[in-house]
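The values are calculated or read from the model by the stated rules, or taken from the named source; none is laboratory data. These numbers come from a predicted model, not from an experiment. Quick reminder, even Gly has a Cβ in these numbers, built from the backbone with ideal geometry, and neighbours come from all protein chains shown.
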Amino acid sequence: MSDPFFTRPEHRKRKARNAAQKKSTASKKKPQNESRDEDLASISSESDIEREQYDPDEENEDAHENAAEKRLRIAKDYLDQIKNEIGEDVGFNAEDVDRELLSERLQEDVLEKQGKMYLNYADRVEPSIQHTCTQLRGRHSKPLVGLIMKEEFIYSADKSGLVQKWKILNEDSEGGVDSSSKLKLRPVRFSIPQGGDRDHVAEITCLTISNDGRWVVTGGLDHRIVVRDSETLTAQHCWKHHRDVILALAFRKGTNEMFSASADRSIKVWSLDSMSYVETLFGHQDIVYDVDAFSQERCITVGGRDRSSRLWKIVEESQLVFRSGGNSIKMTGGYMEGSVDCVTMVDENHFITGSDNGVIALWSLQRKKPVYTYPLAHGLDTPLAPERHSAEKTPSESSTPPQPRWITCLRALPYANLFVSGSWDGTIRLWKIADGLRSFEPVELERPLATKSIINSLSLSIQGRKGHEQLLVLAACGREFRYGRWKNIRNVPNVGYIFQIPLQSASALQTSNGTASA
């Protein structure tokens, strides 16, 4: 092989000339390819323009509008939607809707988004109103532990494990309850516990229903949570994660996320969308008797004899602890607080608790002490006769003072100034929360809501078209408490009560207030 150093120059020049020619030909071909790519790009852009011409007008507008125009368009669509809803509720066309109705609805949406109280139902309850009462018994032979309503159906459960479904017959044209007539119910079906791995094997203690009305959930003494199909009442899932009695169940508003409270001192979070267990919340030092939740991803619980209420922030993985029992004897009516047994939320920032000394307390998340306490909310129990509290043949007169009736259940209307309480005095009491959420007072009715039995569970519902609403108070009652037999009232049926309380219209209320002030 020849050395390149000895090659002749003309050979080197010829090779360099050939390489330069190759580069020039490649550069000439490259613009042709580029022009070809430009033609393809122009063709694709023309096809895109033609495709845009065939798209709907809204997509065209979305492509060319800026951020301000998009916000304006979304606001207009939202206002049109609200106008249509108000027009359907009130009975007018969308063009005839007044600005006051529209602004009122917008204000309600904002307040609900913020989680504040804005519904005024307590002022619309007249003391002289004549309410109606419907008894619900069916196949129940033991004390009822839960009574809930979802649309035109009512579900009830008793300690024997029987779950029964009822249908409301007197509906109005809009699918709600007709407020002008007494409630008429027809039993649809019932479910008896089958045992095994998918159903209860002991007494039921609590009942709830999902927000979409698809699932009915029960908890029992057998440490089980059973999820049933609301249409057929057949058991679909059974969870056995708790190690003790299930005492309360609650769904987060607008979702299928559920919280369960148990005597094993824990609260568990469940997802019924995926039918799975999520997590466990620890912190209480005693039995967790009750749980409640609203829209935000949090729940409130009470821990029995640890005398604490805890707000669990699920996302932040933290909790706020509120200690009860710090009030003076004078504020609690002369009786010490030994156990906090029930809780209900008013809005996202306020909740109410009931104790074994008959005290109902209003709490705020901004304070560690109750904002207001009401002692002896359900009065004092009559003392036992001497022969009943002593084993002697000739017992002496007892000097034991009468004991307060503890609060067995509480339930508040979401974002409203009205809540109800129950005990074993046989009377359901209505309470009105003051405007500044600093106190509350009883709503005295000329004809009280009497049941003559132990009230184990309460639920509230507003039915009827706007301006003609009625308050439904559903009470599950019986001879015994839902999680014990510490007291037994004889000759009392185990039934449910549904009270229909007509509400005064807002316009009539304003007129009466104006007349009173004048």
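Annotation: of all residues in the range 406-416 being touching a Leu at 6+ places or on another chain (Cβ under 7 Å) and in a loop (DSSP other than H, G, I, E, B), the one that is nearest to LEU376 (Cα to Cα) is LEU413.
Of the residues GLY161, GLY175, only one is part of a loop (DSSP other than H, G, I, E, B) and at pLDDT 90 or above; which?
Step by step, each of GLY161, GLY175 is checked, and only GLY161 is part of a loop (DSSP other than H, G, I, E, B) and at pLDDT 90 or above.
When the residues of the range 316-333 are filtered to those that are under 11 Å from VAL359 (Cα atoms) and small (Gly, Ala, Ser), which remaining residue is surrounded by the most Cβ atoms within 10 Å (Cβ to Cβ)? That would be SER324. For the range 268-285, filtered to residues that are touching a residue at least 24 places away in the same chain (Cβ under 8 Å) and outside any strand (DSSP E or B), the residue that is surrounded by the most Cβ atoms within 10 Å (Cβ to Cβ) is HIS284. Note on the range 205-220: residues that are under 22 Å from ARG298 (Cα atoms), without any contact (Cβ under 8 Å) to a residue 60 or more places away in the chain and buried (at least 19 other Cβ atoms within 10 Å of the Cβ) amount to 3.
Counting only strands (runs of 3 or more DSSP E) that sit wholly inside the range 443-502, those with at least 1 residues that are in contact with a Pro (Cβ under 6 Å, 6 or more places away or on another chain) and at negative phi are 470-478.
Of the numbered criteria (1) assigned to a helix (DSSP H, G or I); (2) crowded, with 17+ Cβ neighbours inside 10 Å; (3) at pLDDT 65 or above, the one GLU126 fails is (1).
Listed by position, the strands (runs of 3 or more DSSP E) contained in the range 221-267 that have at least 2 residues being modelled with pLDDT of 95 or more and buried (at least 21 other Cβ atoms within 10 Å of the Cβ) are 225-229, 246-251, 257-262. Selection over the range 387-412 of residues that are at pLDDT below 75 and either of a type in the set (Val, Ile, Thr) or touching a Lys or Arg at 6+ places or on another chain (Cβ under 9 Å) (or both) gives a count of 1. Looking only at residues of the range 413-433 that are surrounded by fewer than 21 Cβ atoms within 10 Å (Cβ to Cβ) and small (Gly, Ala, Ser), we find that the one that is modelled with the highest pLDDT is ALA416. Every condition in (1) in a strand (DSSP E or B); (2) crowded, with 23+ Cβ neighbours inside 10 Å is met by VAL288 except one, and the failing one is (1). Taking the criterion of being over 19 Å from ASP306 (Cα atoms) and over 26 Å from the mean Cα position of the chain (by Cα), the residues of the range 343-377 that qualify are PRO375, LEU376.
Of the strands (runs of 3 or more DSSP E) lying entirely inside the range 302-402, those containing at least 1 residues that are over 24 Å from TRP486 (Cβ atoms) and in contact (Cβ under 8 Å) with a residue 60 or more places away in the chain span 340-347, 350-355, 360-364, 372-374.
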